[in-house]
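What follows is a set of notes on a single structure, which appears directly below.
The values are calculated or read from the model by the stated rules, or taken from the named source; none is laboratory data. Please read all numbers here as calculations on a predicted model, not as lab measurements. Positions of Cβ are backbone-derived with ideal geometry, glycine not excepted, and every protein chain shown enters the neighbour counts. The area values use the complete protein model at the heavy-atom level, side chains included, leaving out ligands, DNA and RNA. Shrake-Rupley method; radii C 1.70, N 1.55, O 1.52, S 1.80 Å.
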Amino acid sequence: MAAVALKRTGQKMPLVGFGLWKVNRATCAETVYNALKAGYRLLDGAGDYGNEKEAGEGLRRAISDGIVKREDVFVTSKLWNTFHAHDHVKALAKKQLGLWGIDYFDLFLVHFPISLEYVDPSHRYPPEWWGDDKKVHLAKVPFQETWGAMEELVDEGLVKNIGVSNVQGSLLIDILRYAKYEPAVNQVELHPYLTQEPLIKLCGTLGIAITAYSSLGPQSYVELGADKGAKNLLEHDTIASIASKHSKSHAQVLLRWAVQQGLAVIPKSNNHDRLVQNLQVDAFQLSDAEIKEMSSLKAFSHDPPDASRSLREM
Ligand code: A2P
């Protein structure tokens, strides 16, 4: 399977992984087990997804059944916004590893460059964006403090690679001013409605790999009421016509558009056939014209569902 070598460690990160956001907790262990059985070798989780224990159960069952070895699977997790203070970073990384039942993450990302007031996990976990009063409470933790604590996780062997998510160019450059270990990965929303060309270019220059989320378009936000009414990318005529030319599904064409640009993708599916199909994006090639045609859909884009949406609700 195609992979990208991460800076500093050289570790290979598969370009197609299985995303755990909104994977139902009740079926998560089974879904993860089946994803590994189907050939996925990257699991993309996060404290905020609320299913790390179940994901870990699926992974450990696949290991004990001999389907994979721990070292064959690239496990990503993310630090939530309420745990950015130095002492909380390690405590939470350890808690999350405990939930998974593993002793290291291959990649640990700062989920958002937004620090929120601490919520004790015994009070509420995952804490999400809001306090008990349903309001967002910012915390005064500068990113440098969080990044220093992330680097300590590397030194202690709790994580192999560290990175960021939902970060734009100016903060990336700031991190490089003080980083002992530079971010290896930046995970951002990226699809033909939100092509992020300047960020792709900058990350290429800096040697930072990009993982695209919401590759199939922003429909995951529809049920959150956060989409902007843009036409579902999976049903778009442009995607349909390219897909029929290649005898591939609409989803495969959208995933291929990213992978062919050297971007990693982490589609999620609660449906086994779609999960299997999403892994099969290596065996065809889009033309440059098709890539361009897809990228031009950004003209019909929605507002990116970025963190400022939650902050506007403060
Ligand atoms: P489902 O889980 O029912 O398959 P995300 O952008 O967060 O990765 O979510 C992907 C969205 O696209 C989910 O709503 C998922 O629903 C759906 N999906 C995943 N794979 C496919 C596919 N191959 N074809 C159509 N829809 C898909």
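Over all other residues within a Cβ to Cβ distance under 13 Å of SER249, the charged ones net out to +2, with Lys and Arg as +1 and Asp and Glu as -1. Excluding ligands, DNA and RNA, the accessible surface per residue across the chain is 43 Å² with a 1.4 Å probe.
As an exercise, use a Förster radius of 45 Å and the Cβ-Cβ distance of HIS272 and LYS140 to find the FRET efficiency, rounded to the nearest 0.05. Working from the Cβ atoms, E equals 0.50. Taking label positions 7 Å along the Cα-Cβ direction at both HIS123 and HIS86, the computed distance is 2.3 nm, reported to one decimal. Each label was represented as a point 7 Å from its Cα along the Cα-to-Cβ direction; for LYS69 and SER295 these points are 4.0 nm apart. The trypsin sites (Lys or Arg not before Pro) of the range 76-151 that DSSP puts in a loop, and whose beta carbon has at most 11 other beta carbons within 10 Å, are LYS134, LYS135, LYS140. Residue pairs exceeding 19 angstrom between C-alpha atoms, taken from LYS22/LYS69; LYS7/LYS160; LYS7/LYS90: LYS22/LYS69; LYS7/LYS90. Near PRO127, once Lys and Arg are set to +1 and Asp and Glu to -1 for all other residues with Cβ below 11 Å from its Cβ, the sum equals -4. With all pairs of different C-alpha atoms in the average, the Kirkwood value for the hydrodynamic radius of the range 230-281 is 11.5 Å.
Axis angle, to the nearest 10 degrees, between helix 237-246 and the longest C-alpha principal axis of the chain: 70 degrees.
Comparing GLY169, GLY19, GLY45 in a Gaussian network model of the chain (Cα springs below 10 Å), the most mobile by mean-square fluctuation is GLY169.
FRET efficiency for the pair SER241 and ASN24, taken as 1/(1 + (r/R0)^6) with r the Cβ-Cβ distance and R0 = 35 Å, rounds to 0.55.
If the Kirkwood radius is taken over C-alpha pairs of the chain, then at 25 °C and 0.890 mPa s the Stokes-Einstein diffusion coefficient equals 124 µm²/s. Computed over protein heavy atoms with a 1.4 Å probe, the carbon and sulfur contribution to the accessible area of the range 65-180 reaches 50%. Within the shell of other residues whose beta carbon sits under 10 angstrom from the beta carbon of SER115, the net charge comes to -1, with Lys and Arg scored +1 and Asp and Glu -1.
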